[in-house]
Amino acid sequence: MKLRLAAFCLMLGLAGSAGAETAGAAPARPTVVSLDYCADQFVLALADRAQILALSKDAEREFSYFRKKAAGIPKVRTAAEDVVALDPDIVIRSWGGDPRALQLYERFGIRSVQLGYAADIEGTDDVLRAVAAEMGQSARAEELLAARPGPSAPTGLRALYVTPGGVSAGKDTMIEEIMHRAGLENANTGTGWTSLPLEGLVLAPPSLMLAAFFGFDDDATDRWSVSRHPVMQRLMAGAQVIDMDEARVSCGGWFVADEAAHIAVELEAGR
């Protein structure tokens, strides 16, 4: 590992030594650096503390699900020189950092792990297991999946996903998967991410709305936002509104099932 750091320092023209390795035996499992807050969630849930060399700069932000666990853990920029200087065994990323740096990491013997894309909740199992295997934590992944809440019984109710910027979720989205797991049907009949059709909503007002990112992102709630439209405000006032936990839906991880369970509990409480 020291040779890897020394070579990198020479390549950058840096003076001085690459530094001594930490005394003592190497950890039994590979050391890890994560480059974005989605990768952080997998590292924080799966890794032993001794494995984690650094997390992304966003690891303690409000949209990071395991932000409390990130406290006290070093954070790193996505600059390649900063990552290599930490000398990890593996780098885990979703979109963080320059993809061109991945080849550089490989040259220094640092393995790159790219998070897979999950189209549905079952697909998140495969992503979790794949990352866990790279980290030597397969047993922990199975423990997380075993503790995950199961699907709720169908309620016959339809829900509309709303955001302050007027974006909604139609078919073939993870939000719809969350709805189905909570026992709900999607009131948005479009496909993918769509705009909220105010005219249609006036003709058929939804009785249930799942709201996310309200009061979360000031840039999304400026004076032109759909959420400030008097029609939208009236529709929301007349519906049951369940506030979603944005940290559970910002990344496509296994923990989106926790959000479905949360919706089911809130729905039962509001009946």
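Within this structure, ALA80 fails the test of being out of contact with any helix residue (DSSP H, G or I) (no Cβ under 7 Å at 6 or more places or on another chain) and of a type in the set (A, V, I, L, M, F, W, C).
Against the definition (small (Gly, Ala, Ser), modelled with pLDDT of 95 or more, under 17 Å from the mean Cα position of the chain (by Cα) and at negative phi), how does ALA130 come out, yes or no? The answer is yes for ALA130. Scanning segment 151-166 for residues that are surrounded by fewer than 22 Cβ atoms within 10 Å (Cβ to Cβ) and either over 17 Å from GLU259 (Cβ atoms) or free of Cβ contacts under 8 Å to residues at least 12 places away in the same chain (or both) yields ALA153, PRO154, GLY156, ARG158, GLY165, GLY166. If the condition is being at pLDDT 95 or above, of a type outside the set (A, V, I, L, M) and closer than 13 Å to ARG158 by Cα, then segment 178-198 contributes HIS180, ARG181, GLY183, GLU185, ASN186.
With segment 1-103 as the region, which strands (runs of 3 or more DSSP E) entirely inside it contain at least 3 residues that are of a type in the set (Phe, Trp, Tyr) and modelled with pLDDT of 95 or more? Please lay out each step first, then the result.
Numbers: elements: 32-34, 52-56, 90-93.
Output list is empty.
Do the conditions hold for VAL76, that is, is it touching a Ser or Thr at 6+ places or on another chain (Cβ under 9 Å), outside the structural domain of ASP258 (by TED's automatic domain parsing) and hydrophobic (A, V, I, L, M, F, W, C)? Judged against the criteria, VAL76 is a match. Set side by side, the residues GLY109, GLY165 differ, and just one is modelled with pLDDT of 95 or more, in a loop (DSSP other than H, G, I, E, B) and more than 16 Å from GLN41 (Cβ to Cβ), which is GLY109.
Residues of segment 255-271 being touching a residue at least 40 places away in the same chain (Cβ under 8 Å) and not in a helix (DSSP H, G or I), which ones?
Step one: of segment 255-271, the residues touching a residue at least 40 places away in the same chain (Cβ under 8 Å) are 255-261, 263-264, 267.
The one that is touching a residue at least 40 places away in the same chain (Cβ under 8 Å) and not in a helix (DSSP H, G or I): PHE255.
Scanning segment 168-187 for residues that are part of a loop (DSSP other than H, G, I, E, B) and touching a Lys or Arg at 6+ places or on another chain (Cβ under 8 Å) gives a single hit, ALA187.
Screening ALA187 on (1) touching a residue at least 60 places away in the same chain (Cβ under 8 Å); (2) closer than 20 Å to GLY270 by Cβ; (3) not polar (S, T, N, Q) shows it passes everything except condition (1).
In the condition set (1) free of Cβ contacts under 8 Å to residues at least 60 places away in the same chain; (2) outside the structural domain of VAL91 (by TED's automatic domain parsing); (3) in a helix (DSSP H, G or I); (4) among the hydrophobic types (A, V, I, L, M, F, W, C), LEU210 is compliant with all but (3).
Residues in segment 187-206 that are surrounded by 13 or more Cβ atoms within 10 Å (Cβ to Cβ) and of a type in the set (S, T, N, Q): ASN188, THR194. Is it fair to say PHE255 is at pLDDT below 90, of a type outside the set (D, E, K, R) and crowded, with 17+ Cβ neighbours inside 10 Å? When the stated conditions are applied, PHE255 does not pass them.
Yes or no: GLY136 at pLDDT 90 or above and either out of contact with any helix residue (DSSP H, G or I) (no Cβ under 9 Å at 6 or more places or on another chain) or farther than 18 Å from GLU259 by Cβ (or both)?
Details: at pLDDT 90 or above: yes; either out of contact with any helix residue (DSSP H, G or I) (no Cβ under 9 Å at 6 or more places or on another chain) or farther than 18 Å from GLU259 by Cβ (or both): yes.
Answer is yes for this residue.
The values are calculated or read from the model by the stated rules, or taken from the named source; none is laboratory data. Note that the coordinates shown come from a computational prediction; the quantities given were computed from them, not determined experimentally. Counting neighbours? That spans all protein chains shown, and the Cβs are built from the backbone with ideal geometry, glycine included.
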